[in-house]
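Readers should treat all values here as calculations from the given coordinates under stated rules, not as data from a laboratory. Every value quoted in this text rests on a predicted model; they were computed, and no experiment measured them. FYI the Cβ positions are ideal-geometry reconstructions off the backbone, even for glycines, and counts take in every protein chain you see.
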Amino acid sequence: MNNNKTAVSSGELMIGNWISYRGEKNCLVASIGYEFATEYPDTANRNGSDDVNEYVGIPLTPEIMEKCGFEKTITKMRILDYEDYRKGNFVLSVIGKGVEVEYGALNIEDRTYIAVFKYLHQLQNLYWCLTGEHLKIEL
């Protein structure tokens with residue numbers, strides 16, 4: 001396994017989460033138990049034999065956020081242009097090595113800071129918790 005990536009555990013996953021096998025092939029979580037099973041949508045083959053320690057999170061990047069339906073927004077300010085990604089009541093901002101997630105109204109005074117996430121499955125889980133809907137993703 002790539003030593004720069006941390007394996008995901010079944011405790012942080014939901015059925016339908018996107019994760020990556022060795023950082024090379026994206027797959028969906030199909031079931032969760034003591035271990036979890038995945039399926040590769042492009043081949044429709046279920047994979048249950050791979051070492052679960054080889055599964056890692058898919059980094060939350062601007063490209064991934066756009067594939068989740070978030071729209072890039074640029075707000076002109078005096079000193080710089082502020083860039084974020086918005087969908088419904090979610091506002092995502094790239095900071096350092098992660099993405100800051102805020103929720104609520106689109107104006108900054110009425111939003112609530114939630115957390116900084118690094119991976120797509122973390123955003124999927126929060127989205128489901130706050131909206132009761134699965135985040136639609138076009139990978």
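Quick look at the values:
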| item | result |
| --- | --- |
| Cys129 paired with Thr73, simple spin-label distance in nm, labels 7 Å along Cα-to-beta-carbon | 2.3 |
| Residues Ile64, Ile58, Ile79, Ile32 arranged by fewest to most Cβ contacts within 10 Å | Ile79, Ile32, Ile64, Ile58 |
| Of Lys5/Lys87; Lys25/Lys87; Lys67/Lys118, pairs whose Cα-Cα distance is over 25 Å | Lys5/Lys87; Lys25/Lys87 |
| Rg(Cα)/(2.2 N^0.38 Å) for the stretch 62-131, N = residue count | 1.06 |
| Neighbour cut-off at most 11 other Cβ (10 Å), DSSP loop, trypsin sites (Lys or Arg not before Pro), the stretch 92-139 | Lys97, Lys136 |
